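Presented below is the structure to which this report refers.
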Amino acid sequence: MLRTIVWVTLVIIVLLFILFNAGNSADLNVWPKVGEEQPVIVAGPIWAFALGFFLLGFAPLWLLNRAQVWRLKRRIASLENSLRAASAVAPVVATETASTPATPQPASEESNRSDVP
């Protein structure tokens, strides 16, 4: 919920910035004048420059975060798998102890016959 509120607020701020600066243009000095060379100047809307520089700063940190999350997920999965392998030892079978009485077996018909020698 909080993440959604933050993203909606960020989108509204960016849209308001674009709306208020829609007609404004700016010159961006991409390559400063060195010696006798002509400077490289790009003209464009302010919002495009602001959005471009925002993405230039945001993208590397976002990629670094995604790589760290991926690495940690792999590490957790590896630890979980090793824990499963360690706990997969054959279970100990409980044997009957002498303290539990044995249940009597029902007599079969053959043992109760009188004609059997």
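The values are calculated or read from the model by the stated rules, or taken from the named source; none is laboratory data. Nothing here was measured: the structure is a model prediction, and the numbers come from that model. Cβ: placed from backbone, ideal geometry, glycine included. Neighbour counts: every protein chain shown.
Of note:
- Among residues of region 31-57, those that are among the polar types (S, T, N, Q) and at pLDDT 85 or above, counted: 0
- Any pair with Cβ under 7 angstrom, 6 or more apart, that starts in region 5-29 at a residue that is at pLDDT 85 or above and ends at one that is of a type in the set (Lys, Arg): none
- Checking residue 113 against (1) exposed (fewer than 10 other Cβ atoms within 10 Å of the Cβ); (2) modelled with pLDDT of 90 or more, the condition it does not meet: (2)
- Qualifying residue in region 41-51 (condition: in a strand (DSSP E or B), more than 22 Å from the chain's Cα centre (by Cα) and either under 23 Å from residue 12 (Cβ atoms) or hydroxyl-bearing (Ser, Thr, Tyr) (or both)): yes
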